Amino acid sequence: MTHRTPFVGGNWKMNTNAGEAQSLAKALTTHLSTDSGVEVAIYPPFVYLRELASVVAGSDISLGSQDAYFQDNGAFTGEISMSMLKDCAVKTVLTGHSERRHVIGENDMLVNKKTRAVLAAGLQAVLCIGETLEQRENGKTDAINEHQTRAGLEGVSKEQLSQIVIAYEPVWAIGTGKTATPQDAQNAHANIRGLIASMYDKQAAESIRIIYGGSMKPGNAGELMAMPDIDGGLIGGASLIADDFLSIIRAGLAQGV
Ligand code: PEP
């Protein structure tokens, strides 16, 4: 069986101020041993990236961006390009987060353009997908995951797939305290992996990390990550508390995904 290094990302969303961002990043670098066996990334607000780059330098934590625009420069007021992010030592970018899709209004085509631009810049893309509560209640979970995965990965080659992590995040579980049961999440992950096998091949499917997001906390991280197709987590609320985020990372390690 292919070994997949667990991935745990902390999406800080529009939270923290300059001081809090520094303290949180410092607490993580102090307590996370190098060579932890888990790939760890944090996604702070844009404006703190540059100063946090020096806090995480030399640690095992990668700096990530919550979003990015697909054009490299020009008249795109308010947007941030890949080269600007690379100037800030960013290594990984979230694309298609449910808040970008459902609050800001991004569609599949824009998510795909952004994902391809991330890959073209040599960065890692964490492509987020997942169904709303209404879609789940109508039995559309797998269909939505398939649609968003196909659309998000359109034009992405098998070689580029190693730069992709897929985050399955049921929208109804994000920031709500509700979590998919480990078995429900496992079923969704297994279907997504099967889809990658049909879009690419078996080897690609066995190698890609598919992580779960949606109210993951120290209390439920272990049982979720123990599932065979759950390779880590994307963490919102609990990533703002250093001890909680560190416990989730340890849970990922313990499962030896
Ligand atoms: C997220 O932002 O991707 C997320 C999963 O948030 P939370 O952990 O707060 O549900």
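The values are calculated or read from the model by the stated rules, or taken from the named source; none is laboratory data. Quick caveat: nothing in here was measured; it's all calculated off a predicted structure. Note that we place each Cβ from the backbone using ideal geometry, even for glycine, and neighbour counts take in every protein chain shown. Calculation scope for accessible area: heavy atoms of the full protein, side chains included, ligands and nucleic acids excluded. Shrake-Rupley method; radii C 1.70, N 1.55, O 1.52, S 1.80 Å.
Does Ala221 satisfy the condition of being in a strand (DSSP E or B) and within 16 Å of the ligand (Cβ to nearest atom)?
No; evaluated as a whole, the condition is false for this residue.
Is there any pair with a first residue in region 45-56 that is part of a loop (DSSP other than H, G, I, E, B) and a second that is of a type in the set (Ser, Thr, Tyr) whose Cβ atoms are under 8 Å apart and which are 6 or more apart or on different chains, and what are they?
Note: pairs meeting the criteria are Pro45/Thr16.
Can you say whether Glu20 is of a type outside the set (Ser, Thr, Tyr), away from the ligand (no atom under 16 Å from the Cβ) and open to solvent by 70 Å² or more (accessible area, probe 1.4 Å), as far as the supplied structure shows?
Values: of a type outside the set (Ser, Thr, Tyr): yes; away from the ligand (no atom under 16 Å from the Cβ): yes; open to solvent by 70 Å² or more (accessible area, probe 1.4 Å): yes.
Yes: the conditions hold for Glu20.
Condition (residue is charged (D, E, K, R), within 15 Å of the ligand (Cβ to nearest atom) and either assigned to a helix (DSSP H, G or I) or on the phi < 0 side of the Ramachandran plot (or both)) applied to region 74-96: is it met by at least one residue?
Checking region 74-96: not a single residue is charged (D, E, K, R), within 15 Å of the ligand (Cβ to nearest atom) and either assigned to a helix (DSSP H, G or I) or on the phi < 0 side of the Ramachandran plot (or both).
Could you identify the single residue in Ala238, Ala205, Ala251 that is over 24 Å from Asp60 (Cα atoms) and either touching a Lys or Arg at 6+ places or on another chain (Cβ under 7 Å) or within 15 Å of the ligand (Cβ to nearest atom) (or both)?
So the residue among Ala238, Ala205, Ala251 that is over 24 Å from Asp60 (Cα atoms) and either touching a Lys or Arg at 6+ places or on another chain (Cβ under 7 Å) or within 15 Å of the ligand (Cβ to nearest atom) (or both) is Ala205.
Could you please give the count of residues in region 145-172 that are within 12 Å of the ligand (Cβ to nearest atom) and touching a Gly at 6+ places or on another chain (Cβ under 7 Å)?
Selection size over region 145-172: 5.
Any chance you could count how many residues in region 208-218 are open to solvent by 40 Å² or more (accessible area, probe 1.4 Å) and either of a type in the set (Lys, Arg) or away from the ligand (no atom under 13 Å from the Cβ) (or both)?
Result for region 208-218: 1.
Could you tell me which of the residues Thr30, Thr2, Thr16 is within 23 Å of Glu99 (Cβ to Cβ), hydroxyl-bearing (Ser, Thr, Tyr) and out of contact with any strand residue (DSSP E or B) (no Cβ under 7 Å at 6 or more places or on another chain)?
Exactly one of Thr30, Thr2, Thr16 is within 23 Å of Glu99 (Cβ to Cβ), hydroxyl-bearing (Ser, Thr, Tyr) and out of contact with any strand residue (DSSP E or B) (no Cβ under 7 Å at 6 or more places or on another chain), namely Thr16.
Among the residues of region 173-202, what is the count of those that are touching a residue at least 40 places away in the same chain (Cβ under 8 Å), within 16 Å of the ligand (Cβ to nearest atom) and open to solvent by 20 Å² or more (accessible area, probe 1.4 Å)?
Qualifying residue count, region 173-202: 4.
List every residue pair whose Cβ atoms sit under 9 Å apart, with the two residues 6 or more apart in sequence or on different chains, where the first one lies in region 105-129 and is more than 21 Å from Ile210 (Cα to Cα) and without any contact (Cβ under 8 Å) to a residue 60 or more places away in the chain and the second, anywhere, is open to solvent by 10 Å² or more (accessible area, probe 1.4 Å) and hydroxyl-bearing (Ser, Thr, Tyr).
Ala121/Ser83
Six or more apart or on different chains, Cβ under 8 Å: which pairs go from a residue in region 226-240 that's in contact (Cβ under 8 Å) with a residue 40 or more places away in the chain to one that's small (Gly, Ala, Ser) and more than 15 Å from the ligand (Cβ to nearest atom)? Could you list them?
Between residues of region 226-240 that are in contact (Cβ under 8 Å) with a residue 40 or more places away in the chain and residues that are small (Gly, Ala, Ser) and more than 15 Å from the ligand (Cβ to nearest atom), the close pairs are Pro228/Ala190; Asp229/Ala190.
Just to check your reading of the model, which residue among Leu224, Leu240 is crowded, with 24+ Cβ neighbours inside 10 Å and within 18 Å of the chain's Cα centre (by Cα)?
Working: Leu240 fails: crowded, with 24+ Cβ neighbours inside 10 Å.
Answer to the selection: Leu224.
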